[in-house]
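The values are calculated or read from the model by the stated rules, or taken from the named source; none is laboratory data. Because the structure is a prediction, the values reported are computed rather than measured. Here the Cβ positions follow ideal geometry from the backbone for every residue, glycine too, while neighbour counts run over all protein chains shown.
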Amino acid sequence: MQEDSKPTKAGRLRRTIDPFGDLYVAISRAVIEHERLIAPDIELRQTYAYTFAHPMLATSPPIHERAHHPAPLHAVSTPGVIEEATVEMVLRRQSESNVDRLIQSQNIVSLIRLVAGSPVRAPICSNIPFSKMSEIKDVTVMQLEPPMDWPIHPVPLNDNLLTAIEKLLDPMQVLLHCDQFNSAFNLANSVWWLPSFNAQMIAIWAAAEALMRPGRQDMTKQLARSIRAYSGTSSGQGDKLYQRVIHLCKARGEAAHAGHQPKPEDVQESFFILRSILLRALSEGAAPGPIETITPLWNSSY
């Protein structure tokens, strides 16, 4: 896989974690039954990492419900990380590789969120496996992603979901060098941290416009036409999708220009429309072209 050269907040971690060495990333709001390679140098497996407010990290669970976490505890460099993680992503050093593991790990977790359609999170990372921390004194633990306020049940990282992620890893790394896709992908990812339905609705449709590039004339209708062809599963379903996009873009305009609060179900529907067009771009390994060049989904091999 190629390195994504776009700058991210991972640059702030380089002072203490070697971005080209082995990296261990705790993933919360997800569960996995058995270890799984999703690339030759990237593995997902079970672990235990619980960060709490002091900020400290425990790598062993309490022996019973009312017990404290057993020692040793490790300091986390950034406060405000409170999360329990039971999945560890291991990114191993490759000889003669210039892949920045910090950036790569953030992109992979973003892809997991997109495919799962759920706010899986990577709260912390380290240069040491979490299971080995009780044996090692010199441990560096850093916040990787900021807290997010989404109380959800953990997402099962099952074989079907991980197979989809495995297939999309290389296309993602290539497409992240395309400004059209990069803007849409990162805006979609940012939605999980936005504080209100208004902000989420505006960001979702800004991302859809960045990917589909509807132009400035009759923008809403052109966007709806493009999404109808790009994401509709049949001609009839595409017609219904066209009408929904028109409706949702009107709700986005009311949120942006009149401060009206969109309905939660409209925000959710908007996100899953955005998700569907991003996943088609990833599956095909290319960003969509102008409307006249789009092969309708119901006539494509996707």
*For residues that are more than 18 Å from Ser183 (Cα to Cα) and in contact with a helix residue (DSSP H, G or I) (Cβ under 7 Å, 6 or more places away or on another chain), tally how many sit in the stretch 270-302.*
6
_Out of the residues in the stretch 190-244 meeting the condition of being in contact (Cβ under 8 Å) with a residue 40 or more places away in the chain and among the β-branched types (Val, Ile, Thr), tell me which one is farthest from Lys263 (Cα to Cα)._
Thr233
*Single unsatisfied condition, Phe130 versus (1) modelled with pLDDT under 95; (2) over 15 Å from the mean Cα position of the chain (by Cα); (3) surrounded by fewer than 18 Cβ atoms within 10 Å (Cβ to Cβ)*: (3)
*Qualifying positions in the stretch 178-215 - polar (S, T, N, Q), more than 18 Å from the chain's Cα centre (by Cα) and buried (at least 16 other Cβ atoms within 10 Å of the Cβ)*: Asn198
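Filter the stretch 124-151 for residues that are of a type in the set (Gly, Ala, Ser) and in a helix (DSSP H, G or I) and give the result.
In the first step, residues of the stretch 124-151 are kept if they are of a type in the set (Gly, Ala, Ser); the result is 126, 131, 134.
Passing the criteria: Ser131, Ser134.
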*asked:* With the requirement that a residue be part of a helix (DSSP H, G or I) and touching a Phe, Trp or Tyr at 6+ places or on another chain (Cβ under 9 Å), what does the stretch 175-184 give you?
replied: Leu175
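Has the stretch 169-189 got at least one residue that is among the β-branched types (Val, Ile, Thr) and closer than 15 Å to Leu282 by Cβ?
Within the stretch 169-189, one or more residues are among the β-branched types (Val, Ile, Thr) and closer than 15 Å to Leu282 by Cβ.
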*Filter the stretch 264-301 down to residues that are without any contact (Cβ under 8 Å) to a residue 40 or more places away in the chain and over 25 Å from Pro171 (Cα atoms) and give me whichever is surrounded by the fewest Cβ atoms within 10 Å (Cβ to Cβ).*
Glu265
*Failed item, numbered, when Gly289 is tested on (1) part of a loop (DSSP other than H, G, I, E, B); (2) under 12 Å from Gln200 (Cα atoms)*: (2)
*asked:* Among the residues that make up the stretch 155-165, is at least one of them farther than 12 Å from Ile112 by Cα and part of a loop (DSSP other than H, G, I, E, B)?
replied: no
*Are any residues in the stretch 1-18 assigned to a loop (DSSP other than H, G, I, E, B), at pLDDT below 80, more than 11 Å from Gln106 (Cβ to Cβ) and not hydroxyl-bearing (Ser, Thr, Tyr), and if so, which ones?*
Met1, Gln2, Glu3, Pro7, Arg14, Arg15
*Residues Leu44, Leu91, Leu37, Leu23: which one is loosely packed, with under 15 Cβ neighbours inside 10 Å and modelled with pLDDT of 85 or more?*
Leu37
*When you go through Ala287, Ala255 one by one, which is the residue that is small (Gly, Ala, Ser) and touching a Pro at 6+ places or on another chain (Cβ under 9 Å)?*
Ala255
_I'd like to check something: does the stretch 103-123 contain any residue that is over 15 Å from the mean Cα position of the chain (by Cα), outside any loop (DSSP other than H, G, I, E, B) and crowded, with 20+ Cβ neighbours inside 10 Å?_
no
